[in-house]
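Q: Okay, here's the structure, questions in a sec.
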Amino acid sequence: MRKRLLFPLLMLAAMGARADEGMWMLTDLKEQNAAVMREMGLEIPIEEVYSDGGVSLKDAVVHFGSGCTGEVISSQGLILTNHHCGYGAIQQHSSVEHDYLTDGFWAMNLEAELPTPGLTVTFIDRILDVTDYVNECLKRDDDPNGTNYLSPSYLAKVAQRFAQEQKVEVTPATKLELKAFYGGNKYYLFVKTVYSDIRMVGAPPSSIGKFGADTDNWTWPRHTGDFSLFRVYADRDGRPAPYSKDNVPLQVKKHLTISVAGVKEGDFTFVMGFPGRNWRYMISDEVEERMQTTNFMRHHVREARQKILMEEMMKDPAVRIHYASKYASSANYWKNAIGMNEGLTRLKVLDTKRQQQEELLAYGDARGDDAYRKAFDEIRSTVQRRRDAVYHQQAINEALVTALDFMRLPSTTELVTALKAKDKKATAEAVERLREEGEKYFASVPFPEVERRVAKEMLRVYAQYIPAEQRVNIFEVIDSRFKGDTDAFVDECFKSSIFGNRENFEKFLKKPTLYKVAHDWMVLFKYSVTDGLLRTAIAMKEANENYDRAHKTWVKGMMDLRRSKGLPLYPDANSTLRLTYGRALSYEPKDGARYEARTTLRGVMEKEDPDNWEFVVPQRLKELYRAKDYGPYGENGEMPVCFVVDTDNTGGNSGSPVFNGKGQLVGTAFDRNYEGLTGDIAFRPSSQRAICVDIRYVLFIIDKFAGASRLIDELTIAD
């Protein structure tokens, strides 16, 4: 495949074509992209970007947590990522007495760095193209359902088999991840090392790290210092280990050099990170489905929940701290869904998709190959059959699962089994385990009145969008016992359920009965939601029976068509390490308007609104601005804050390092612009931009604002 791709890509370079669209596999850079990248401004050998056998920039790019990217910026394992990527950890360490969300946090020595249970940092050791090996396994292994080629469990077994046969070193901290690409037309194996002793080192106050909040989210111009700092710790031999006071900062094999030269209009940049998901090979029917189901529900259901949460958060600092991360996560893709639907309509993406699919169908017909047409018809039929199930599943997930924290009840199955068996010893043991789980549950929902308000609104919204005959079966109870009054049902849950309050819970544990569990409103509600998800999943599975094979054929057709036209070829994002490249470029969002490629601290001051929590400016930052006290980080009397590049990014790229042509760190990606939210489905280089915090602003905040110069001393900064 690499050899077949080389000639078309060299043709592109010769014609001066744009090549910044694409989330490229690092293993293919040398053959596919190196010539174009050099032409655009790459000054270092491609082997310094990625080398299979040697140390390269790849070794300083990490998967932060499970959904973001980070970069190693010191030899002592210091990790830079986004403020919003570290937000959950910042919240975890915050309290009313130590409100790090509001005030920020800076560890002035190693002893002050805060252990963060549950947080991991993952290094990618090797990336292997194992397509031929997997295809051989698929030929000889039993596959009664014909699904092995996409089955995660099967591919995990193949990964273990490959590692044993090829003598790949596997330690307790090694993770093997074998994934399908191009709908199952290619396979790559990622060999990873996971570290679990991660400590919080620094975070600016939210008035910097989250400046602009929901209003500015997904928009440009932007003035947000969206960064935070963590450190990887290991045992004294440098091996991954659980938290211990004896652990030491990890001595990394590669850390990034930082440039304070800045980024100018037209400068070449490239980004490495872990983009989550995109769907560039969708047909138009699938795009419409996404707009009318996932995006629709995210818009309307989350909007209703967020309104209530914000009202409650503004009343009580403790409520604000508890729900801050949940609210931010919800609001992020609420606005994304709105912007994506608006953009898909405005840019007539459905028309573009229809043109692309008609072109492929004509290409197949001209070759006398009806496989693409059969695949297309199967995908269209599948989308039509599953539409109601997808719509209902999204409603359940958004309104009754994601939105309702109080529905994450401890399981009562063990206790029910013991009670049915009339086994006193087993019952006593089950009661103790339920007591332990119950304590965790009540600690996770410390504000039941907020949960009660949210639940009432979510049941109302769910019922608004789902017809009575299709709703989860708890509504039959609500209709018969509560005369259709969902508010009354929610009130009764919190009043009488075992899990409605601690008093009820303790009373039940003293005298547990089968009758009480079987007739408990919260338990019945949870089972009803679980049953609803199961029914929609079964309906979708039946509708999707032939989808995967049709999609694989369709994607292969798109690959063949693009090769025949000399166009670039890349797989959809799937949370694996990718590289994208482009330039720092201004753009015109609409007629008569032009957005420059960078912003400065002056814009922060222009947006200041002391009466709006989203646009409060810290006093210390205003003092530095008035004095123009920017240290070595300013430029021509200004303090750069953010810039945009036209690289092809998506969710998961948050925290990704942005490099200049010399391979030096110049910024950290944290968002996309509103005009580019269609990019998950269709890339538009004229309008799509990745928004990045300028590394000089990061250093300025650490050094001049926070006074954490000991962190600056760790860094390697280019002259």
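Q: Return, in residue-number order, each cysteine of the chain whose C-beta is not under 4.7 Å from any other cysteine's C-beta.
A: Taking the Cβ cut-off of 4.7 Å, the unpaired cysteines of the chain are Cys137, Cys493, Cys642, Cys692.
Q: Excluding residues on the same chain fewer than 8 positions from Lys422, give the lysines whose Cα lies under 17 Å from its Cα.
A: List returned: Lys510, Lys511, Lys516.
Q: Given a 1.4 Å probe, how much area per residue of the chain is accessible, in Å²?
A: For the chain, the per-residue accessible area is 42 Å².
Q: For Arg236 and Ala468, compute 0.36 nm times the residue count separating them, minus their Cα-Cα distance, and round to one decimal in nm.
A: Roughly 77.4 nm would be gained on extension.
Q: Working with all protein chains in place, sort Ile695, Ile44 by solvent-accessible area computed with a 1.4 Å probe, largest first.
A: Putting Ile695, Ile44 in descending order of accessible area: Ile44, Ile695.
Q: Using all alpha carbons of segment 638-719, what is the percent of pairwise distances in each 5 Å bin, ordered from the shortest bin to the longest?
A: Reading the bins upward from 0: 3, 14, 22, 20, 17, 11, 7, 5, 1.
Q: Something else: Points 7 angstrom from Cα along the Cβ direction at Ser480 and Lys541: gap in nanometres?
A: Between Ser480 and Lys541, the simple spin-label model gives 2.8 nm.
Q: Fully extended, how many nm does the chain gain between Ser153 and Thr417 (0.36 nm per residue separation, minus their Cα-Cα distance)?
A: 92.0 nm
Q: Report the normalised scattering of segment 352-473 as log10 I(q)/I(0) at q = 0.14, 0.17, 0.19, 0.20 Å⁻¹, calculated by the Debye formula with identical scatterers on the alpha carbons.
A: -0.83, -0.96, -1.04, -1.07
Q: Solvent-accessible area of Glu39, probe 1.4 Å, all protein chains present, reported in Å² to the nearest ten, please.
A: Roughly 110 Å² of Glu39 is accessible to a 1.4 Å probe.
Q: I want to check the label-to-label distance for Asp713 and Arg385. Put each point 7 Å from Cα in the C-beta direction and report it in nm to one decimal.
A: The two pseudo-label positions are separated by 6.7 nm.
Q: Let me ask something else. Sketch the reach of a paramagnetic label on Glu265 as a point 7 Å from Cα along Cα-to-Cβ, and name the residues of segment 632-659 whose backbone nitrogen lies under 14 Å away.
A: 644
Q: If you roll a 1.4 Å probe over the chain with all protein chains in place, what percent of the accessible area is carbon or sulfur?
A: 50 percent
Q: Next up: How many nm separate the modelled label positions at Arg562 and Arg38, each set 7 Å beyond the Cα in the direction of the Cβ?
A: According to this spin-label approximation, the distance is 2.4 nm.
Q: Roughly speaking, what is the stretch gain from Tyr515 to Glu623, that is 0.36 nm per residue apart minus the C-alpha to C-alpha distance, in nm to one decimal?
A: Separation in residues times 0.36 nm, less the Cα-Cα distance, equals 32.3 nm.
Q: Based on DSSP, what percent of beta bridges with both residues in the chain are antiparallel, to the nearest 5?
A: 95 percent
The values are calculated or read from the model by the stated rules, or taken from the named source; none is laboratory data. All figures in this text were calculated on a predicted structure; none of them were measured in a lab. Methodologically, a virtual Cβ is constructed for each residue, glycine included, from the backbone with ideal geometry; neighbour enumeration extends over all protein chains shown. Accessible surface areas use protein heavy atoms only, side chains included; no ligands, DNA or RNA. Shrake-Rupley method; radii C 1.70, N 1.55, O 1.52, S 1.80 Å.
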